[in-house]
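Everything on this sheet refers to the single structure shown next.
Just so it is clear, none of the values below were taken in a lab; they were calculated from the coordinates. Predicted model only: the values in this text are computed from it and were never measured. Every residue, glycine as well, gets a Cβ built from its backbone with ideal geometry; the counts of neighbours run over all protein chains shown.
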Amino acid sequence: MALNCGIVGLPNVGKSTIFSALSSAPAEAANYPFCTINPNIGIADVPDARLVKLTEIFNPQRTIPASVEFVDIAGLVKGASKGEGLGNQFLSHIREVGVIAHVVRCFENPDIVHVNNKVDPESDIETINIELALADLDTLAKRRERAERSLKVQTEKKTGETVLAALDKIGPVLENGKPVRSAALSDDEKAAVYDCHFITAKPQLYVCNVDEAGIKSITTNGKADSHIETVQKRAAAEGSEAVCICGKFEAELADIKNAGEKSAFLEELGLQESGLSSLIHSAYRLLGLRTFFTAGADECRAWTIHAGDAAPKAAGVIHTDFEKGFIKAEVYACDDIFRYGTEAKIKEAGKYRIEGKEYVVQDGDVMFFKFNV
Ligand SMILES: Nc1nc2c(ncn2[C@@H]2O[C@H](COP(=O)(O)OP(=O)(O)O)[C@@H](O)[C@H]2O)c(=O)[nH]1
Ligand SMILES: [Mg+2]
């Protein structure tokens with residue numbers, strides 16, 4: 001399953017820097033606005049200490065982590081929906097993403113131009129969110145026209161009414177500067193307007209791009225500076241999350257390939273994991289994603305599913321035949337192999353289970369599927 005995350009924010013807040021650090025795809029980071037016209041798509045591994053431990057135990061030929069796709073979305077400025085900057089070229093790229101990472105500049109650096117000449121997270125967030133809401137209002141108007149036409153067609157009347165009911169709820173929400181995700185829609189209404197791909201219906205997390213002093217202040221005395229606090233409050237009010245990243249530092253960190261050197265570099269700033277790891281984990285949480293593993297002598301691998309998915313669905317992530325021909329799954333928790341050391345010992349302890357079609361896969365399960373085709 002593709003988990004994809006779109007990176008938005010004003011020009012020069014550090015989107016491309018963070019994007020390049022996240023993925024090996026080369027994004028252009030340059031100190032002038034509008035430099036990234038085409039979307040840059042990159043893939044990042046989902047860091048998972050459990051997969052590292054499984055690899056130590058099984059010593060497989062290969063280890064494959066779960067992955068997240070990142071899209072560097074450029075061109076959002078005040079007035080983008082009215083054609084400012086690159087206009088709304090950003091729209092076509094942002095519609096397809098599952099989650100939005102909104103990068104907010106919290107670092108001071110007089111050499112790097114801020115589009116409004118002032119580092120002001122509250123106003124920056126507002127500017128971007130307004131453009132996104134305006135883009136959604138455009139979508140809404142077009143959808144409304146289409147729904148009204150379908151009222152006149154007997155076979156489409158019912159659907160048209162449901163769509164209009166949903167749009168009537170969404171309109172005032174957007175006009176009040178609130179995101180579509182805060183509108184109270186029934187499941188039917190949600191389904192009826194799914195094809196609109198409203199941008200503000202997607203979960204959004206905030207990324208504070210801070211300087212090294214900002215990171216040090218958090219790790220040494222647990223205190224966020226006022227810029228970071230502003231973003232954190234905003235995220236909390238929206239039921240979302242804010243992660244702190246130092247884009248410049250992450251870019252340097254990404255260049256270090258040696259694991260030992262990497263952790264020494266992190267330690268210097270008092271960090272346990274890189275800001276990018278927190279970002280990836282945060283996107284995972286917001287999307288309600290879970291991980292299960294397959295483990296053996298040939299391969300240890302992490303797979304992504306949604307919370308609540310049953311065993312056949314999980315099997316289907318590996319191969320559609322596994323889902324179609326699902327018979328049963330052998331399951332144990334990865335913590336059990338960390339505790340007991342071998343599968344034989346897990347069996348002795350009575351922790352090795354056989355589960356059927358109804359079994360809801362748990363985060364950290366190690367699974368082996370039985371199927372026929
Ligand atoms: N001091 C500092 N500069 C940064 C940081 N992140 C990005 N920059 C610089 O800010 C400029 C714009 O960054 P870029 O990633 O191209 O921004 P974008 O327009 O949002 O994609 C570049 O010169 C970066 O080197 C950071 O965390 N600290
Ligand atoms: Mg850029």
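General remarks:
- Taking the chain and dividing mean pair separation by its residue count, relative contact order in percent (alpha carbons under 8 Å, at least six apart): 17
- Mean separation of Cα contacts under 8 Å (6+ apart) over length of segment 130-200, as relative contact order %: 40
- Kyte-Doolittle at least 0.0, axis length at least 15 Å by Cα - qualifying DSSP helices, the chain: 157-175, 275-286
- Pairs exceeding 19 Å between alpha-carbon atoms, taken from Lys223/Lys262; Lys324/Lys357; Lys169/Lys190; Lys53/Lys313; Lys82/Lys118; Lys78/Lys190: Lys223/Lys262; Lys53/Lys313; Lys82/Lys118; Lys78/Lys190.
- Within segment 208-287, trypsin sites (Lys or Arg not before Pro) in DSSP loop having at most 13 other beta-carbon neighbours inside 10 Å: Lys223, Lys257
- With neighbours defined as other Cβ atoms within 10 Å of a residue's Cβ, the residues Val373, Val115, Val104, Val366 order from fewest to most as Val373, Val115, Val366, Val104.
- Whole-number percent relative contact order across segment 146-253, with pairs defined as alpha carbons under 8 Å at least 6 apart: 21
- When each of Phe265, Phe90 is scored by the number of other beta-carbon atoms lying within 10 Å, the sequence from fewest to most is Phe265, Phe90.
- Taking 18 Å as the straight-line reach from the Cα of Lys152, the aspartates and glutamates in range (excluding those fewer than 8 positions away in the same chain) are Glu161.
- Dipole orientation for the chain: of the candidates Phe70, Thr320, Gln362, Thr320 has the Cα lying most toward the positive pole (charges on Cβ; Lys, Arg +1; Asp, Glu -1).
- Charged-residue dipole, Cβ positions (Lys, Arg, Asp, Glu), segment 308-371 about Cα centre, Debye nearest 20: 200
- Within the chain: Cβ-based charge dipole about Cα centre, in debye rounded to nearest 20 (Lys, Arg +1; Asp, Glu -1): 1000
- Chymotrypsin sites (Phe, Trp or Tyr not before Pro) lying in DSSP loop within segment 327-357, provided at most 11 other Cβ fall within 10 Å: none
- The trypsin sites (Lys or Arg not before Pro) of segment 106-164 meeting both criteria, a DSSP state outside H, G, I, E and B (loop) and at most 13 other C-beta atoms within 10 angstrom of the site's C-beta, are Lys118, Lys152.
- For segment 225-265, size of Cβ-based charge dipole, Lys and Arg +1, Asp and Glu -1, in debye: 40
- CD proxy at 222 nm, helix term only [per DSSP H run n ≥ 4: -39500 (n - 2.57); per residue of the chain; nearest 500]: -12500 deg cm²/dmol
- By the count of other C-beta atoms within 10 Å, a proxy for reagent exposure, Cys300, Cys334 are ordered fewest to most as Cys334, Cys300.
- Within the chain, longest stretch free of exposed GluC sites (Glu not before Pro) [DSSP loop, at most 16 other beta carbons within 10 Å]: 109-272
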